[in-house]
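Undergrad: Handing you this structure, nothing more for now.
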Amino acid sequence: MTRTDGQEERRRRLRELVTTKGFVRTSDLAAEFAVSVMTIHRDLDALQAQGWLRKVRGGASCLPSTQFHGSVGERMATMTQTKQRLARAAAEELAPGQIVVIDDSTTCLGLTQHLSHHTPITVITNSLPAITALAKEPGAALVALGGTYFPAYDAFMGPHTAQSMSAFRADVLFMSTTAVTAGRCYHMSPETVQVKQAMMAAAARRVLLVDHTKFANQGLYALAPLTDFDLVVVDDAAPAGEVRGLRERGVDVRIVA
(Lines give C-alpha, C1' and ligand atoms only; values in the text may rest on other atoms or scores of the structure.)
Protein backbone atom coordinates (compact mmCIF):
# COMPACT_ATOMS: atom_id res chain seq x y z
CA MET A 1 0.00 0.00 0.00
CA THR A 2 1.35 3.41 -0.98
CA ARG A 3 1.50 6.37 1.38
CA THR A 4 -1.45 7.99 -0.44
CA ASP A 5 -3.50 4.79 -0.22
CA GLY A 6 -2.75 4.56 3.49
CA GLN A 7 -3.84 8.15 4.03
CA GLU A 8 -7.12 7.62 2.17
CA GLU A 9 -7.89 4.44 4.11
CA ARG A 10 -7.10 6.15 7.44
CA ARG A 11 -9.36 9.08 6.60
CA ARG A 12 -12.15 6.75 5.54
CA ARG A 13 -11.92 4.86 8.85
CA LEU A 14 -11.62 8.12 10.77
CA ARG A 15 -14.80 9.36 9.12
CA GLU A 16 -16.62 6.18 10.12
CA LEU A 17 -15.44 6.54 13.74
CA VAL A 18 -16.73 10.09 14.00
CA THR A 19 -20.05 9.13 12.43
CA THR A 20 -20.47 6.15 14.76
CA LYS A 21 -19.37 7.82 18.01
CA GLY A 22 -20.51 11.37 17.36
CA PHE A 23 -17.33 12.79 18.93
CA VAL A 24 -13.73 11.59 18.99
CA ARG A 25 -10.64 13.07 20.63
CA THR A 26 -7.60 13.95 18.59
CA SER A 27 -5.28 12.14 21.00
CA ASP A 28 -7.39 8.97 20.83
CA LEU A 29 -7.33 9.07 17.04
CA ALA A 30 -3.55 9.46 17.01
CA ALA A 31 -3.25 6.38 19.24
CA GLU A 32 -5.83 4.44 17.23
CA PHE A 33 -3.99 4.94 13.93
CA ALA A 34 -0.45 5.07 15.35
CA VAL A 35 0.31 8.47 13.82
CA SER A 36 1.18 11.88 15.22
CA VAL A 37 -1.39 14.34 16.51
CA MET A 38 -0.28 16.71 13.74
CA THR A 39 -1.14 14.07 11.13
CA ILE A 40 -4.60 13.68 12.66
CA HIS A 41 -5.07 17.45 12.56
CA ARG A 42 -4.25 17.42 8.84
CA ASP A 43 -6.72 14.58 8.32
CA LEU A 44 -9.44 16.43 10.21
CA ASP A 45 -8.76 19.64 8.29
CA ALA A 46 -9.14 17.77 5.02
CA LEU A 47 -12.33 15.97 6.08
CA GLN A 48 -13.87 19.16 7.44
CA ALA A 49 -13.12 20.96 4.17
CA GLN A 50 -14.82 18.12 2.30
CA GLY A 51 -17.92 18.49 4.47
CA TRP A 52 -17.74 15.22 6.42
CA LEU A 53 -17.28 16.52 9.96
CA ARG A 54 -16.48 19.54 12.11
CA LYS A 55 -13.30 20.12 14.08
CA VAL A 56 -13.94 21.18 17.66
CA ARG A 57 -11.71 21.80 20.66
CA GLY A 58 -9.82 18.59 21.37
CA GLY A 59 -11.25 16.53 18.54
CA ALA A 60 -13.97 16.27 15.92
CA SER A 61 -17.74 15.85 15.95
CA CYS A 62 -20.24 14.51 13.47
CA LEU A 63 -22.25 17.31 11.88
CA PRO A 64 -25.94 17.41 12.88
CA SER A 65 -28.30 16.07 10.22
CA THR A 66 -29.69 19.55 9.56
CA GLN A 67 -26.20 20.73 8.60
CA PHE A 68 -24.57 17.70 6.99
CA HIS A 69 -26.75 16.58 4.14
CA GLY A 70 -25.05 13.37 3.12
CA SER A 71 -22.78 12.22 0.36
CA VAL A 72 -23.56 12.80 -3.30
CA GLY A 73 -25.12 9.32 -3.55
CA GLU A 74 -27.38 9.98 -0.58
CA ARG A 75 -28.40 13.40 -1.89
CA MET A 76 -29.14 12.02 -5.35
CA ALA A 77 -31.52 9.53 -3.75
CA THR A 78 -33.34 12.26 -1.79
CA MET A 79 -36.29 14.28 -3.18
CA THR A 80 -35.54 12.74 -6.59
CA GLN A 81 -38.87 13.45 -8.30
CA THR A 82 -39.05 16.98 -6.92
CA LYS A 83 -35.53 17.74 -8.15
CA GLN A 84 -36.43 16.39 -11.58
CA ARG A 85 -39.48 18.68 -11.74
CA LEU A 86 -37.40 21.68 -10.68
CA ALA A 87 -34.78 20.91 -13.32
CA ARG A 88 -37.46 20.48 -16.00
CA ALA A 89 -38.97 23.86 -15.11
CA ALA A 90 -35.57 25.57 -15.05
CA ALA A 91 -34.74 24.10 -18.47
CA GLU A 92 -37.33 26.52 -19.91
CA GLU A 93 -34.65 29.18 -19.41
CA LEU A 94 -32.33 27.41 -21.87
CA ALA A 95 -31.86 28.50 -25.48
CA PRO A 96 -29.57 27.30 -28.28
CA GLY A 97 -26.28 29.15 -28.47
CA GLN A 98 -26.16 30.02 -24.78
CA ILE A 99 -23.16 29.70 -22.48
CA VAL A 100 -24.49 27.99 -19.37
CA VAL A 101 -22.97 27.38 -15.93
CA ILE A 102 -24.19 24.39 -13.90
CA ASP A 103 -23.00 24.06 -10.31
CA ASP A 104 -22.19 20.86 -8.41
CA SER A 105 -25.66 20.42 -6.88
CA THR A 106 -27.64 17.20 -7.40
CA THR A 107 -30.67 19.39 -8.15
CA CYS A 108 -29.05 21.11 -11.13
CA LEU A 109 -27.52 17.85 -12.34
CA GLY A 110 -30.98 17.04 -13.74
CA LEU A 111 -30.53 19.84 -16.28
CA THR A 112 -28.04 17.70 -18.18
CA GLN A 113 -30.99 15.54 -19.32
CA HIS A 114 -32.62 18.51 -21.07
CA LEU A 115 -29.68 20.08 -22.87
CA SER A 116 -30.06 17.97 -26.03
CA HIS A 117 -33.24 19.94 -26.84
CA HIS A 118 -31.34 23.25 -26.77
CA THR A 119 -28.12 22.54 -28.64
CA PRO A 120 -25.74 23.87 -29.70
CA ILE A 121 -24.88 24.99 -26.20
CA THR A 122 -21.74 25.57 -24.12
CA VAL A 123 -21.70 24.28 -20.54
CA ILE A 124 -19.24 25.25 -17.81
CA THR A 125 -19.29 23.09 -14.67
CA ASN A 126 -17.24 21.83 -11.73
CA SER A 127 -19.49 18.80 -11.17
CA LEU A 128 -17.87 15.47 -12.05
CA PRO A 129 -21.24 13.71 -12.66
CA ALA A 130 -22.27 16.57 -14.97
CA ILE A 131 -18.94 16.39 -16.79
CA THR A 132 -19.40 12.65 -17.26
CA ALA A 133 -22.97 13.06 -18.54
CA LEU A 134 -22.18 15.92 -20.91
CA ALA A 135 -19.10 14.25 -22.35
CA LYS A 136 -21.58 12.04 -24.25
CA GLU A 137 -23.64 14.96 -25.57
CA PRO A 138 -22.43 15.85 -29.10
CA GLY A 139 -24.26 19.18 -29.19
CA ALA A 140 -22.69 20.50 -25.99
CA ALA A 141 -19.29 22.19 -25.85
CA LEU A 142 -18.04 21.24 -22.39
CA VAL A 143 -15.75 23.36 -20.21
CA ALA A 144 -14.67 21.49 -17.06
CA LEU A 145 -13.43 23.62 -14.18
CA GLY A 146 -10.41 22.07 -12.49
CA GLY A 147 -9.13 22.46 -8.96
CA THR A 148 -9.10 20.27 -5.87
CA TYR A 149 -11.41 17.26 -6.01
CA PHE A 150 -13.80 17.03 -3.03
CA PRO A 151 -15.20 13.49 -2.70
CA ALA A 152 -18.08 14.58 -0.42
CA TYR A 153 -19.40 16.74 -3.27
CA ASP A 154 -18.03 14.75 -6.23
CA ALA A 155 -16.85 18.08 -7.59
CA PHE A 156 -13.86 20.36 -7.96
CA MET A 157 -13.68 23.16 -5.40
CA GLY A 158 -11.41 25.78 -3.91
CA PRO A 159 -9.45 28.83 -5.07
CA HIS A 160 -8.13 27.30 -8.29
CA THR A 161 -11.68 26.39 -9.38
CA ALA A 162 -12.92 29.88 -8.54
CA GLN A 163 -10.01 31.44 -10.43
CA SER A 164 -10.77 29.27 -13.46
CA MET A 165 -14.40 30.40 -13.38
CA SER A 166 -13.40 34.07 -13.27
CA ALA A 167 -11.86 33.71 -16.74
CA PHE A 168 -15.29 33.11 -18.33
CA ARG A 169 -18.49 35.01 -18.99
CA ALA A 170 -21.81 33.14 -19.15
CA ASP A 171 -25.38 33.88 -20.18
CA VAL A 172 -27.05 32.00 -17.35
CA LEU A 173 -26.12 30.20 -14.13
CA PHE A 174 -28.16 27.33 -12.67
CA MET A 175 -27.39 26.82 -9.00
CA SER A 176 -28.80 25.26 -5.85
CA THR A 177 -27.89 25.69 -2.20
CA THR A 178 -27.54 23.66 0.97
CA ALA A 179 -29.78 25.86 3.11
CA VAL A 180 -31.99 28.94 2.94
CA THR A 181 -32.25 30.90 6.17
CA ALA A 182 -33.85 34.35 6.50
CA GLY A 183 -33.76 34.85 2.74
CA ARG A 184 -30.07 33.98 2.36
CA CYS A 185 -28.23 30.95 0.91
CA TYR A 186 -25.80 29.05 3.16
CA HIS A 187 -23.27 26.24 2.72
CA MET A 188 -21.08 24.17 5.02
CA SER A 189 -17.83 24.69 3.11
CA PRO A 190 -16.02 27.98 2.40
CA GLU A 191 -14.58 26.41 -0.75
CA THR A 192 -18.12 25.86 -2.03
CA VAL A 193 -19.05 29.47 -1.34
CA GLN A 194 -15.91 30.70 -3.08
CA VAL A 195 -16.69 28.79 -6.28
CA LYS A 196 -20.39 29.63 -6.34
CA GLN A 197 -19.69 33.34 -5.82
CA ALA A 198 -17.31 33.23 -8.79
CA MET A 199 -20.05 31.57 -10.84
CA MET A 200 -22.55 34.25 -9.83
CA ALA A 201 -20.11 37.02 -10.75
CA ALA A 202 -19.58 35.52 -14.21
CA ALA A 203 -23.25 35.06 -15.14
CA ALA A 204 -25.53 37.64 -16.72
CA ARG A 205 -28.61 35.80 -15.40
CA ARG A 206 -28.80 33.70 -12.23
CA VAL A 207 -31.36 30.96 -11.57
CA LEU A 208 -31.63 29.27 -8.16
CA LEU A 209 -33.33 25.88 -7.75
CA VAL A 210 -34.42 24.94 -4.21
CA ASP A 211 -36.75 22.26 -2.94
CA HIS A 212 -38.73 22.92 0.24
CA THR A 213 -36.37 20.92 2.50
CA LYS A 214 -33.67 23.56 2.02
CA PHE A 215 -35.72 26.01 4.09
CA ALA A 216 -35.36 23.67 7.12
CA ASN A 217 -31.63 23.06 6.68
CA GLN A 218 -28.79 24.99 8.27
CA GLY A 219 -25.45 26.13 6.91
CA LEU A 220 -22.36 27.76 8.35
CA TYR A 221 -21.11 30.05 5.57
CA ALA A 222 -23.30 32.71 3.96
CA LEU A 223 -23.29 32.72 0.16
CA ALA A 224 -25.74 35.35 -1.06
CA PRO A 225 -29.23 36.74 -0.45
CA LEU A 226 -31.96 35.37 -2.69
CA THR A 227 -32.47 38.90 -4.00
CA ASP A 228 -29.21 38.40 -5.93
CA PHE A 229 -30.97 35.88 -8.21
CA ASP A 230 -33.05 36.75 -11.26
CA LEU A 231 -35.29 33.72 -10.76
CA VAL A 232 -35.89 31.31 -7.86
CA VAL A 233 -37.58 28.00 -8.75
CA VAL A 234 -39.22 26.17 -5.81
CA ASP A 235 -41.67 23.31 -5.39
CA ASP A 236 -45.16 23.94 -4.08
CA ALA A 237 -44.32 22.55 -0.63
CA ALA A 238 -42.01 25.51 0.06
CA PRO A 239 -43.15 27.53 3.11
CA ALA A 240 -45.80 30.01 1.94
CA GLY A 241 -44.46 32.70 4.27
CA GLU A 242 -40.97 32.37 2.80
CA VAL A 243 -42.28 32.60 -0.76
CA ARG A 244 -44.43 35.60 0.08
CA GLY A 245 -41.50 37.33 1.77
CA LEU A 246 -39.29 36.77 -1.27
CA ARG A 247 -41.87 38.21 -3.63
CA GLU A 248 -42.33 41.23 -1.38
CA ARG A 249 -38.58 41.84 -1.72
CA GLY A 250 -38.87 41.78 -5.49
CA VAL A 251 -37.63 38.23 -6.10
CA ASP A 252 -39.13 36.48 -9.15
CA VAL A 253 -40.35 33.14 -7.73
CA ARG A 254 -41.64 30.32 -9.92
CA ILE A 255 -43.56 27.60 -8.08
CA VAL A 256 -43.47 24.11 -9.57
CA ALA A 257 -46.47 21.91 -8.78
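The values are calculated or read from the model by the stated rules, or taken from the named source; none is laboratory data. Quick caveat: nothing in here was measured; it's all calculated off a predicted structure. All Cβ positions, glycine included, derive from the backbone under ideal geometry; neighbour counts span all protein chains shown. With ligands, DNA and RNA removed, areas are computed over all heavy atoms of the protein, side chains included. Shrake-Rupley method; radii C 1.70, N 1.55, O 1.52, S 1.80 Å.
Undergrad: Any idea what the relative contact order of the chain is, in percent, if you count C-alpha pairs under 8 Å spaced at least 6 apart?
TA: Once normalised by length, the contact order is 15 percent.
Undergrad: Compute the label zone of R184 within region 214-241: residues whose backbone N is under 19 Å from the point 7 Å along Cα-to-Cβ.
TA: Only 214-230 pass the distance filter.
Undergrad: Let me ask you something else. Mind scanning K21/K214; K55/K136; K55/K196; K83/K136 and naming the pairs with a C-alpha gap bigger than 29 Å?
TA: K55/K136
Undergrad: Among 149-159, 224-234, how do they line up from the highest to the lowest mean number of other beta-carbon atoms within 10 Å?
TA: By packing density, highest mean first, the sequence is 149-159, 224-234.
Undergrad: Here's something else I'd like to know. If you stretched the chain out fully between A95 and Y149, how much longer would it get, using 0.36 nm times the residue separation minus the C-alpha to C-alpha distance?
TA: 16.4 nm
Undergrad: How many percent of the accessible area of region 141-257 is carbon or sulfur, using a 1.4 Å probe? All intermediate terms of the calculation are to be shown ahead of the outcome.
TA: On the way: 2360 of 4720 Å².
With neighbouring chains kept in place, the figure for region 141-257 is 50 percent.
Undergrad: Another question about this same structure. Given the rule -39500 (n - 2.57) for each run of at least 4 DSSP H residues, summed and divided by the residues of the chain, what is its mean residue ellipticity at 222 nm, to the nearest 500 deg cm²/dmol?
TA: Working: 10 runs with 96 residues, N = 257.
Roughly -11000 deg cm²/dmol at 222 nm, from the helical runs in the chain.
Undergrad: Assuming R0 = 22 Å, what is the FRET efficiency of A201 and R247, from their Cβ-Cβ distance, to the nearest 0.05?
TA: With R0 = 22 Å, the Cβ-Cβ based efficiency is 0.30.
Undergrad: Students often get this wrong, so try it: which of [x] 41, 39, 33; [y] 57, 43, 30; [z] 73, 40, 33 is Cα extents along the principal axes in Å as calculated from the structure shown?
TA: Answer by label: [y].
Undergrad: Related question: What residues of region 139-183 lie in the reach of a label at H114, counting those whose backbone N is under 15 Å from a point 7 Å from the Cα along Cα→Cβ?
TA: Flagged as within label range: 172-176.
Undergrad: Stretch A257-T2 to full length: gain in nm at 0.36 nm per residue minus the Cα-Cα span?
TA: Values: separation 255, 0.36 × 255 = 91.80 nm, distance 5.19 nm.
Here the segment from A257 to T2 would lengthen by 86.6 nm.
Undergrad: Something else about it: Among T106, T125, T19, which one shows the biggest mean-square fluctuation in a GNM of the chain, springs joining Cα atoms closer than 10 Å?
TA: T19
Undergrad: Which FRET efficiency, nearest 0.05, do A216 and V37 yield, Cβ-Cβ r, R0 45 Å?
TA: 0.75
Undergrad: According to a simple spin-label model (label point 7 Å from Cα along Cα-to-Cβ), what is the distance in nm between A141 and S27?
TA: With each label placed 7 Å out from Cα toward Cβ, I get 6.0 nm.
Undergrad: Moving on to the next point. If we sort 23-31, 96-104 on the protection proxy, mean other Cβ atoms within 10 Å, highest first, what's the order? Show your work: numbers first, answer last.
TA: Values: 23-31: 16.2, 96-104: 21.1.
Ranking the peptides 23-31, 96-104 by packing returns 96-104, 23-31.
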